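The values are calculated or read from the model by the stated rules, or taken from the named source; none is laboratory data. Only a predicted model underlies this, so the values are computations on that prediction, with no experimental measurement involved. Cβ placement follows ideal geometry from the backbone for every residue including glycine, while neighbour counts extend to all protein chains displayed.
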Amino acid sequence: MVWPLGWLQFRPSANGCIAEFRRRGEQVDPFPKHIHEYWKDRAMPDPKNFLLSRLWNAIGAFLLADGTVLYIGGAKDDGLHDMEEEIGMTKDEAGQEGKTMEPLDPCPNSLSRTITGNLVHSRGLSIDNCKEYGRQYVHPSRGLDRQRYRHKLGAMYMDDHILALLKDGLLVLRPDAFYFSPASILKDDLKEIYSHIEEQCENAVYVFPNLHKSRPLGDSEGASHVHQAMVLCNNLQNMRKKGELSVSVEGMRVLAKASNALKTVLSGSGRDIFWAMLYCPEFSRDVRRALKTTNVAGFAAARVRYADGTLNCSSLPGFCGRVTERPGLYRVPLVATGEYSGLQILAALANVFLRFYWLCLSWYTNVTWYDWTMPQSVIMCESLFVEVHAERIFRA
């Protein structure tokens, strides 16, 4: 298997399994010295659940905050088979021509009755606390029951319950100092969920305009972290615009530290602003548009309020239709009622972009091929068996 760090192969031997590793050449670190200087002494995220999360991500599932698992499989075949994972169909091949819609429904035992389910057991995991869902691929001309599937994330349509689970999974998924290596179906879902962020990156030179002209965001450590995270986003976007987006191992640690440091500003219900950035594509676009004509420090000092399912940002500089051409009202579910600061909005926007770049740098996992194919030792035994019998037949 090929990893960002090198090439790894497992070989059988008389003494057990041997792992061979061939290291890749040294990667040039792209970050300026001042970025490393700021983040070098910052805390790394707690690694306690990252291994479990990565094992589930490689299967195509989300690990939730309470330890349960959310699995969203591919196309359903009588509720029993995950066609995409089992026979290698892509989402484009499974769907019809045009942009398909993907309604999600409960599909009990969909994971345990597929080849993918074997990966759970081979990794020492359990599906006892797994919430399993399947999807259909529906052509837009057929339409959907929008009373039943009230919410949309990427190409997926779902009810309130699934949305809450998916929100939990997206909040847990964050840079952990290593290259992200999900299953293909999970990576494709994440690409669609973050597609509005990708669209904003296509023509932008910087994520945060006029940052070099802004005053300090505040005296607190959190304000300093937000400012430096914004600088990091601009650096990454500049590399992406030039087609040079590449991060070394040490750079991955910087991404993890920056994303982790923003939790000081986004703790508690503050994470809901991050969620609003994912759920409502217009929100992040309007914030970035407003920042082009306003002072970042003044933006950070403003306050917004959420109540009755609506995030009211009309008090933010540059909103109220002057820049955004909208009244600054956003319908977003699953957000705690209360006030939020402009600093939290800037932190959430920086965190969304940091996670997007982390996803951009991910590698499809191919570890699954070791579980789907016959072990080398068995193949070697079969080959020896055939050779011995062929020799006997020839002699006869």
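Details
- Matching entry among Ala276, Ala229, Ala261, Ala301 (being in contact (Cβ under 8 Å) with a residue 12 or more places away in the chain, surrounded by fewer than 16 Cβ atoms within 10 Å (Cβ to Cβ), in contact with a helix residue (DSSP H, G or I) (Cβ under 7 Å, 6 or more places away or on another chain) and of a type outside the set (Ser, Thr, Tyr)): Ala301
- Selection status of Ile162, modelled with pLDDT of 95 or more and in contact with a Gly (Cβ under 6 Å, 6 or more places away or on another chain): no
- Of all residues making up segment 8-31, the number that are surrounded by 11 or more Cβ atoms within 10 Å (Cβ to Cβ) and within 26 Å of Val231 (Cβ to Cβ): 4
- Listed by position, the strands (runs of 3 or more DSSP E) contained in segment 115-179 that have at least 1 residues being more than 15 Å from Tyr279 (Cα to Cα) are 130-135.
- Qualifying residue in segment 35-54 (condition: part of a loop (DSSP other than H, G, I, E, B), in contact with a Ser or Thr (Cβ under 9 Å, 6 or more places away or on another chain) and of a type in the set (A, V, I, L, M, F, W, C)): no
- Odd one out for Ser141 among (1) among the small types (Gly, Ala, Ser); (2) in contact with a Gly (Cβ under 9 Å, 6 or more places away or on another chain); (3) at pLDDT 90 or above: (3)
- Residue check for Arg142: more than 25 Å from Pro45 (Cβ to Cβ) and among the basic types (Lys, Arg): yes
- When we screen Asp66, Asp105, Asp92, Asp41 for residues that are within 30 Å of Glu244 (Cβ to Cβ), of a type in the set (Asp, Glu) and either touching a Pro at 6+ places or on another chain (Cβ under 9 Å) or at pLDDT 75 or above (or both), the only hit is Asp41.
- Among all residues of segment 270-285, there is at least one that is assigned by TED's automatic domain parsing to the domain that holds Met230, among the basic types (Lys, Arg), closer than 16 Å to Val172 by Cα and modelled with pLDDT of 95 or more.
- Taking the criterion of being assigned by TED's automatic domain parsing to the domain that holds Val247, of a type in the set (Asp, Glu) and either touching a helix residue (DSSP H, G or I) at 6+ places or on another chain (Cβ under 7 Å) or within 16 Å of Gly73 (Cα to Cα) (or both), the only residue of segment 177-224 that qualifies is Glu221.
- Boolean, Tyr340 is in contact with a strand residue (DSSP E or B) (Cβ under 6 Å, 6 or more places away or on another chain), of a type in the set (Phe, Trp, Tyr) and not in a helix (DSSP H, G or I): yes
- Residue selected from segment 142-152 under the condition over 14 Å from Leu334 (Cα atoms) and not aromatic (Phe, Trp, Tyr), by the criterion surrounded by the fewest Cβ atoms within 10 Å (Cβ to Cβ): Gln147
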